[in-house]
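One structure is given here, and the rest of the page talks about it.
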Amino acid sequence: MAGPVRAKKHLGQHFLRDEGVAKRIVDALEAAPFSTLVEVGPGDGVLSKYLFDRHDQVELYDVDLESIAHLKQHFPLRADQIKEQDFLKAKLQSDQAVIGNFPYNISSQIVFKILENRSDVPIMVGMFQKEVAERIAADPGSKTYGILSVLTQAYYHVEYLFTVPPQAFEPPPKVDSGVLRMVRKDQIELDCDEERLFNLVKRSFNQRRKMIRKSLRDLIPEEPTEALQPFLTMRPEQLSFNDFILLTRLLAEVK
């Protein structure tokens, strides 16, 4: 059944229609405290109405003018909290939660935006394409474990909450969706150079079939230290984020 706002393919819009799913997503915010809340891509407001019922400090960000016009008409008392704003370009507020049925085409970028602003974002609850959600929550050793898994789990406790079938949306996507919750860890200052860590993780997974001694061969000394030895025959998917932190420190010591 068509809703009040036309879904636009170029914006990756699939509007949630299942009220039970909407309530479960909003309920998941209760896992951590926050001061303000931003919903990314509210569409026609299926999540927004529950957020407005429960929270005062809420802002809705969307780039779809039709969606914004509908939401302001539907929530006139909250019109000043409904903004034409690209989340990826927004300046986030301190202690701000993030929630949304994220457009598939920018969902990974949303996670990287949150990671860049991790000191401001204590919790995120979002709907992703299932494959992306599984990748973010993947454990070491999994085929889906990769760059996004390591970097996200370095700063957040990640939980894959539940799967949502295509028929819960209008128009229905061609794939299942997955809802994730990310709760920031108490300690987010890593015991290594973070820029080195990010580069090392990306380089390792860009050649994920190779052992560390080959993918990072220009960083490894001719006579590796005893502490480095165990890493050399491992492939990147075998390393947890703590392993990558240790590897970053060890390589920094020999350069």
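None of the figures in this text is laboratory data; all of them are computed from the coordinates on show. This is a predicted model, so every value here is computed, not measured. Note: ideal-geometry Cβ built from the backbone for every residue, glycine included; neighbour counts use all protein chains shown.
Here are the numbers for this structure:
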read-out	value
Stokes-Einstein D in µm²/s, Kirkwood radius over Cα pairs - segment 125-182 at 25 °C with 0.890 mPa s viscosity	210 µm²/s
Debye log10 I(q)/I(0) at q = 0.13, 0.24 Å⁻¹ for segment 1-81, Cα point scatterers	-0.40, -1.29
Burial ranking of peptide ranges 119-129, 200-210, 225-235 (average Cβ count within 10 Å, highest at the top)	119-129, 200-210, 225-235
Span per principal axis, largest first, for the Cα atoms of segment 9-184 (Å)	50, 36, 27
Net +/- balance of residues flanking GLN129 in space, Cβ distance below 12 Å, scoring K and R +1, D and E -1	0
Trypsin sites (Lys or Arg not before Pro) within segment 132-182: DSSP coil, no more than 15 neighbouring Cβ in 10 Å	LYS143, LYS174
Under 20 Å from LYS49, Cα to Cα: aspartates and glutamates that are on another chain or at least 8 residues apart	ASP18, GLU19, ASP27, GLU30, GLU39, GLU59, ASP62, ASP64, GLU66, ASP80, GLU84, GLU170
Principal axes of segment 194-254: Cα extent on each, largest first, Å	24, 23, 19
Angstrom value of the Kirkwood radius, inverse mean 1/r, which spans all Cα pairs in segment 42-129	13.5 Å
Sites matching GluC sites (Glu not before Pro) across segment 150-223 that sit in DSSP coil, with at most 15 neighbouring C-beta atoms within 10 Å	GLU189, GLU222
Segment 101-217 - Rg over Rh from alpha carbon coordinates, Kirkwood radius	1.00
Estimated dipole of segment 194-254 in Debye, rounded to 20 [Cβ of Lys and Arg +1, of Asp and Glu -1, Cα centre]	440 debye
